[in-house]
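Report on one structure; see the data block that follows.
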Amino acid sequence: MSQIYTDKLLMTLPNIFNAKTAFSGALAKLQITDGITDGTKAFTVKRSQTPVVINNYDTTKSLNSGQSRFGDVNEVTYGDIDVNYDTPYALNEAIDKFTVKADENQAIADRHELQGIALTRRSNARLGAYLSAQAGQSVELTDYTAENVAQLFNTVAAAYTDNEVDGNLYAYVTPTLFNAMVDLIQFKSLTGATVDVNNNKLINYKGFTVESTPSRYFTSGDVAYFTAEGIVIPFMGIEFSRTIEDSNFAGQLLQTAVKAGQYLQEENKPAVVKATIKSGK
């Protein structure tokens, strides 16, 4: 005998993800689906790669010539891009009536919450690797001195201006870089930033909200990911979450199968910049 708990996980997981996710400013709302049937495809994006062409209005063309004074017609077309799940997750846990020492339904609810936290942390690492791989530009930080930290932010801010990136901007930095910035600010070596110590944020330094992020979510050698707001779409598909009675012990197996992925449009890659630290620093 089995019971399906997909709906309960479907309600729990988005709340946990929104509360616990790293790089939250870079992310759009989590797209989550239950009972997924497609083996790989999460969704399809309609995308047009037709550039905008601006013509000169040409009054020298005769109205009787059959030629348009508006210039050549630029036909707009769209193509379909399939966005696929790239990471399958499986959770397999036992709830034995003799050893659990708690109400089974409460235990299942507790495990769903803890599973959601674990899946979100695994997602954080995946998203960090994705931002590193998709960054449109990489900038090297020589060391953690005030001059070089300021130069890093100046370089990235200039890149966002040159690329005409609109919206709120975020910088997710390792604790080492964040603490160095806080120390530099306190000693007046780094100016122009406001520190929100309670939330581990620097408010509006060079136009960025700077947030301390666990080092384990960064690719080795990276110390910061700069992003515009809401440009990465995270998604998860829940195949099922169920309990199954097991004849080998007095209880049930709690099994969950989830697929996950993320999507960044090609034209938005310039809105992601990563910073690396010079080797040996």
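Some observations on this one:
- If you go through region 209-256 and pick out every residue that is closer than 30 Å to Asn268 by Cα and of a type in the set (Lys, Arg), you end up with 1.
- Residue that is modelled with the highest pLDDT [pool: residues in region 25-68 that are open to solvent by 50 Å² or more (accessible area, probe 1.4 Å) and basic (Lys, Arg)]: Lys61
- Selected residue [under 21 Å from Asn268 (Cα atoms), out of contact with any helix residue (DSSP H, G or I) (no Cβ under 8 Å at 6 or more places or on another chain), aromatic (Phe, Trp, Tyr) and buried (at least 17 other Cβ atoms within 10 Å of the Cβ)] from Phe153, Phe178: Phe153
- Identity of the residue in region 69-93, closer than 23 Å to Asn15 by Cα and more than 26 Å from the chain's Cα centre (by Cα), that ends up surrounded by the most Cβ atoms within 10 Å (Cβ to Cβ): Glu93
- Enumeration of residues in region 220-241 that are open to solvent by 50 Å² or more (accessible area, probe 1.4 Å) and over 16 Å from the mean Cα position of the chain (by Cα): Ser220, Glu239, Phe240
- Going through (1) at pLDDT 90 or above; (2) open to solvent by 50 Å² or more (accessible area, probe 1.4 Å); (3) assigned to a strand (DSSP E or B) one by one, Asn248 falls short only on (3).
- Residue selection: Glu211 satisfies the criterion of being under 19 Å from Gln262 (Cβ atoms), assigned to a strand (DSSP E or B) and not hydroxyl-bearing (Ser, Thr, Tyr).
- Note on region 94-125: among residues that are surrounded by 17 or more Cβ atoms within 10 Å (Cβ to Cβ) and under 16 Å from the mean Cα position of the chain (by Cα), the one that is farthest from Val232 (Cα to Cα) is Leu119.
- Pairing residues of region 200-219 that are open to solvent by 70 Å² or more (accessible area, probe 1.4 Å) with residues that are part of a strand (DSSP E or B) and at pLDDT 90 or above, at Cβ distances under 7 Å and at least 6 apart in sequence or on separate chains, gives Asn200/Glu211; Asn200/Ser212; Ile203/Thr209.
- In region 32-82, the residues that are part of a loop (DSSP other than H, G, I, E, B), in contact (Cβ under 8 Å) with a residue 24 or more places away in the chain and not acidic (Asp, Glu): Gly35, Ile36, Thr40, Ser48, Gln49, Thr50, Asn74, Val76, Thr77, Tyr78
- Condition met for Gly221 (over 20 Å from Tyr160 (Cα atoms) and either modelled with pLDDT of 90 or more or among the acidic types (Asp, Glu) (or both)): yes
The values are calculated or read from the model by the stated rules, or taken from the named source; none is laboratory data. None of the values given here were measured: they were computed from a predicted structure. Using ideal geometry, Cβ is built from the backbone for each residue, glycine included, and neighbour counts are taken over all protein chains shown. Note: accessible area is taken over every heavy atom of the protein model, side chains too, but ligands, DNA and RNA are not part of it. Shrake-Rupley method; radii C 1.70, N 1.55, O 1.52, S 1.80 Å.
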